[in-house]
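Chemist: What follows is a structure written as structure tokens; I'll ask about it next.
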Amino acid sequence: MRVDGFSPSGFDRRRFEASLVPPYDLLWHIGVDTGLRISDLLTLRILDLPALSNGFEIVERKTNKTRHVKLTDATARAAYAAMAGRNLHEHIWDSPKKPGQPIARQTAWRAFRRAERLAGIRKHVGTHSARKTFARGLYERSDLETVQETMRHRYPSTSAIYVFNPKSRRRPASGTGGNARLPPQNRKPRLTPPKDPPQVAMIKRIDRIRNWFRKTFTR
């Protein structure tokens, strides 16, 4: 099931965050601040907090690409307060059942789903929702190309899904035609990058207008 993100100042987001309990509230806020995947978040240790607060480079486990991430001051203060007195070498979200290992991603997913039900919101919230919320906030300050570059997405159509939470649960066409339905060994090699779907091309045109207004009227 594809999950949703929140708009930066949405009422649903405030209700959801108010329903989170420790330590999952911190997991959510660090995820929203950094846009990291849950697989990268759960590997963080308490000794990583100073670097996170000041900004540092992290290599994503899924893509092996490097990203620069930084916490907001409010999240950094909350993290330091929550980690006071703990061993620096522990994971931030250490498993109570398996010392020395982080909690399972399914545990975080259940905590987010529980908060969604308590909040009474009509959203599909999961561990990827924090990353999508980060993308939506970034888009409001920039454009789709910036989101694609920051999130290390291969195609802008992927970034568009993150930003706009389409009601349809089907991924927009990415120019692959029927090739994507074939087994990997039977797919034809792609010699040229696919063209942007019409909705992505329209978003890019809107972004160019938004950027022109920003440059013209914020001088």
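Laboratory data are not the source of any read-out in this text; all were calculated from the coordinates shown. Everything numeric here is computed off the predicted structure, so don't read it as measured data. Because the Cβ atoms are built from the backbone with ideal geometry, glycine has one as well, and the counts that use them run over all protein chains shown.
Chemist: What does the C-alpha gyration tensor say about the overall shape of segment 1-105? Classify as rounded when a/c is under 1.5, otherwise prolate if a/b is larger than b/c, or oblate.
Modeler: Details: a/c = 1.34, a/b = 1.21, b/c = 1.11.
Rounded is the answer for segment 1-105, as its axis ratio a/c remains below 1.5.
Chemist: In this model, which of Lys132/Lys204; Lys70/Lys132; Lys65/Lys98 are farther than 23 Å apart at the alpha-carbon? Walk me through the numbers before you get to the answer.
Modeler: Working: Lys132/Lys204 19 Å; Lys70/Lys132 17 Å; Lys65/Lys98 29 Å.
From Lys132/Lys204; Lys70/Lys132; Lys65/Lys98, over 23 Å: Lys65/Lys98.
Chemist: Next question, about the same structure. Taking only C-alpha pairs under 8 Å that are 6+ residues apart, what is the relative contact order of segment 11-131 in percent?
Modeler: Relative contact order here is 35 percent.
Chemist: Given Cβ point charges of +1 (Lys, Arg) and -1 (Asp, Glu) and nothing else, what value in debye, to the nearest 20, does the dipole of segment 11-131 about its Cα centre take?
Modeler: The dipole of segment 11-131 has a size of about 560 debye.
Chemist: Rank these for me by crowding, Arg117, Arg37, Arg110, going from fewest to most other beta carbons within 10 Å.
Modeler: In order of increasing Cβ crowding within 10 Å: Arg117, Arg110, Arg37.
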